[in-house]
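**Q** Below you'll find the structure I mean.
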Amino acid sequence: MFKDEGSNKFREDETVKAKLASAMKLSEINVNDYDGVFYIGGHGPVLDLASDPVNAALASEFFRAGKITAAICHGTA
């Protein structure tokens, strides 16, 4: 999906590549280190996170711990 010029330029940007390479994986997140989780809108939450079992478990952990678990727009998926 997203093969347009702007998307390609974004994916090839060295700053973007560096940030993505150093990003924490969902499986590495410890709920005890955070006050809550907030899901933004967009294609990522709908196409990737909505069907990801690691994400579902993480959101559930936040909720069961009584921590802020919030979403807007497509994030509710």
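**Q** Among the residues of segment 1-48, write down those that are under 11 Å from the mean Cα position of the chain (by Cα) and open to solvent by 90 Å² or more (accessible area, probe 1.4 Å).
**A** MET24, LYS25, PHE38, ILE40, HIS43, ASP48, listed by residue number.
**Q** Can you run down the residue pairs with Cβ atoms below 6 Å, 6 or more apart or on separate chains, where the first is in segment 23-34 and under 14 Å from ARG64 (Cα atoms) and in contact (Cβ under 8 Å) with a residue 24 or more places away in the chain and the partner is of a type outside the set (D, E, K, R) and outside any loop (DSSP other than H, G, I, E, B)?
**A** Close Cβ pairs satisfying both conditions: VAL31/PHE62.
**Q** Another question, then. Limited to segment 60-77, what total is found for residues that are in contact with a strand residue (DSSP E or B) (Cβ under 6 Å, 6 or more places away or on another chain) and farther than 9 Å from PHE38 by Cα?
**A** Residues in segment 60-77 being in contact with a strand residue (DSSP E or B) (Cβ under 6 Å, 6 or more places away or on another chain) and farther than 9 Å from PHE38 by Cα: 3 in total.
**Q** In segment 65-76, which residues are modelled with pLDDT under 95 and open to solvent by 70 Å² or more (accessible area, probe 1.4 Å)?
**A** ILE72, CYS73, HIS74, THR76
**Q** Continuing with this model, one more query. From the set of residues in segment 53-64 that are surrounded by 14 or more Cβ atoms within 10 Å (Cβ to Cβ) and touching a residue at least 12 places away in the same chain (Cβ under 8 Å), which is nearest to PHE2 (Cα to Cα)?
**A** My answer is ASN55.
**Q** Which of the following residues is among the small types (Gly, Ala, Ser), over 24 Å from PHE2 (Cα atoms) and in contact with a helix residue (DSSP H, G or I) (Cβ under 7 Å, 6 or more places away or on another chain): GLY75, GLY36?
**A** GLY36
The values are calculated or read from the model by the stated rules, or taken from the named source; none is laboratory data. Since this is a predicted model, take the numbers as computed values, not measurements. With ideal geometry, Cβ positions are generated from the backbone for all residues, glycine too; neighbour counts draw on all protein chains shown. Heads up: the accessible areas ignore ligands, DNA and RNA and are worked out on the full protein's heavy atoms, side chains in. Shrake-Rupley method; radii C 1.70, N 1.55, O 1.52, S 1.80 Å.
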